[in-house]
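Take a look at the structure below.
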Amino acid sequence: MYEKRQDNTTYPTKKGIALDLEKWLNLHCWLQDTVNETIEAYDDPVIDADMMIHLGSFYYVSLKQGYPVVNIRRWFLPENEDEIKPQRTCITLTFKQWGKLKDAMIVLQDMFGSEMDKVTFRELSDDHQNQMGMVECKKCNPYGTFI
């Protein structure tokens, strides 16, 4: 979320989230279809429409039955606890807003241009080609192996 200063410049507030290019591309390239399929199945009483997908660094995109919104939120591990909790700051999108975000993803892909080619997904890096490499990754698991 952004607010305007008196001189008409904008600045980010603490009310929203910011995704780095890797997380953004992860959402755009790999996870968008899963979110779309979950939204399509949302009204089907036979299908469980709950979903929580890790974007990296404890950022998750999620849907929960009974709440027709897409949440993109960072989670954290409270001190002396072993279960992650959601942070208050997030972006919550209605299904219609999610559709508009998907349209914007195409425009942003053109804007990012060659910057997108420089992104290496951690999941495809050499150190993630086995379980220990992924588990020991400080970006994927900043709180260590608590699970």
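The values are calculated or read from the model by the stated rules, or taken from the named source; none is laboratory data. Owing to the predicted nature of the structure, the values given are computational and were not obtained by experimental measurement. For neighbour counting, all protein chains shown are included, and Cβ atoms are generated from backbone atoms with ideal geometry for every residue, glycine included. For accessibility, only protein heavy atoms count, side chains too; no ligands or nucleic acids. Shrake-Rupley method; radii C 1.70, N 1.55, O 1.52, S 1.80 Å.
If each DSSP helix of 4+ residues adds -39,500 (n - 2.57) and the sum is divided by the residues in the chain, what number results at 222 nm, nearest 500 deg cm²/dmol?
-7000 deg cm²/dmol
Per the 1.4 Å probe, what fraction of the accessible area of the stretch 10-111, in percent, lies on carbon and sulfur atoms?
Carbon with sulfur: 52 percent of the solvent-accessible area.
Which ³J(HN,Hα) values, rounded to whole Hz and listed in residue order, are derived for the stretch 59-70 from phi using the Karplus coefficients 6.51, -1.76 and 1.60 in 6.51 cos²θ - 1.76 cosθ + 1.60 with θ = phi - 60°, glycine and proline given as x?
Running phi through 6.51 cos²θ - 1.76 cosθ + 1.60 with θ = phi - 60° gives 8, 10, 10, 9, 9, 9, 4, x, 10, x, 9, 9 Hz.
Given a 1.4 angstrom probe, what's the average accessible area per residue across the chain, in square angstrom?
Per-residue value: 68 Å².
Among residues other than Ile91 whose Cβ falls under 10 Å from its Cβ, what is the net charge (Lys/Arg +1, Asp/Glu -1)?
It works out to a net charge of +2.
Using the Cβ atoms and a cut-off under 12 Å, what net charge is assigned to the surroundings of Leu19, where Lys and Arg are +1 and Asp and Glu are -1?
+1
Could you work out how far the C-alpha centroid of the stretch 1-26 sits from that of the stretch 59-78, in angstrom?
19 Å
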